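The structure appears right after this line, and notes come after that.
Any read-out appearing in this document is the output of simple, stated calculations on the displayed coordinates, not a laboratory observation. What you see is a predicted model, and the numbers here were worked out from it, not measured in a lab. Every residue, glycine among them, receives a Cβ derived from its backbone with ideal geometry; neighbour counts consider all protein chains shown.
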Amino acid sequence: MGSSTPADGPLVIGGRPLASRLIVGTGKYRSNEEMVSAIRASGAEMVTVAVRRVDLDRGREEGILHHLDPAEFFLLPNTAGCYTTEDAVRYARLGRAAGLNDWVKLEVIGDERTLLPDTAATLGAARQLVGDGFQVLAYTNDDLITALRLEDAGCAAVMPLASPIGSGLGLVNPYYIREIKRRLTVPVIVDAGVGTASDACLTMEQGVDGVLMNTALAAAADPVAMARAMGLAVRAGREAYLAGRMASREIAVPSSPTAGMLE
């Protein structure tokens with residue numbers, strides 16, 4: 001599920017190859033068992049965990065980390081819930097000190113109502129964390145200028161939103177996402193706002209390198225079935241992009257030639 005096609009290479013972030021272009025989160029599930037089953041059904045290899053919201057003691061059976069085997073999943077710590085540069089840097093370092101790794105999905109939220117990122121604070125945190133040796137995947141607005149600055153800061157990937165976190169609105173500004181992908185050389189992973197499989201497919205059809213989602217799986221009536229559908233959708237969208245869609249026209253064009261038809 002979600003794996004690369006034979007004609008395609010793996011997704012490579014920070015020198016790490018990933019067969020799946022779907023990255024998933026771990027929040028909001030009704031149980032840890034449901035979470036693990038959904039992740040497995042999605043085919044995702046990279047899984048995010050919120051340093052600020054999870055118990056970092058793997059020995060506690062009720063904690064998320066107890067159920068996520070690092071041999072099966074690559075854990076990507078994130079700074080969800082941080083509203084300042086200082087907090088984001090602090091929690092990234094805490095995750096590393098707790099034995100996770102030196103990777104981080106960087107989030108610095110600027111507005112409590114919309115959960116849109118504070119781009120200036122994100123850029124400041126990215127520069128500090130890259131300087132500290134982190135592989136930084138930075139969550140940001142669908143803004144080309146900020147994306148370019150994050151790439152210049154040394155981020156391993158840039159993660160523009162499809163729409164606000166947890167909204168399920170899908171891809172609101174496909175043009176901006178395409179332009180970011182055209183202009184950046186690091187991977188572009190669309191993060192936040194995907195609600196269902198068609199959203200994931202449409203997002204991947206823009207040519208981006210991958211999609212990250214959480215609520216769309218955890219809040220589904222059947223998270224495992226939705227995770228399976230998302231894995232298929234990400235793969236379908238990638239294959240459709242690589243195949244190259246037909247040109248759009250405002251008039252009908254017959255699919256069969258008219259020359260040589262029987263009278």
Distance in nm between label sites at L115 and V12, each 7 Å beyond Cα in the beta-carbon direction? 3.3
Mean projected area (nm²) from the convex hull of Cα positions in the stretch 118-263 is 12.3
Just to be sure I understand the model, the point goes 7 Å from the Cα along the line to the Cβ. What's the resulting Y175 to S256 distance in nm? 4.0
Treat each spin label as a single point 7 Å out from the Cα along the C-beta direction, and report the R183 to T84 distance in nm. 3.1
Alpha-carbon spread of the chain, three principal axes, descending order, Å: 79, 40, 36
Residues other than E107 with Cβ under 11 Å of its Cβ, Lys/Arg counted +1 and Asp/Glu -1, net out at -1
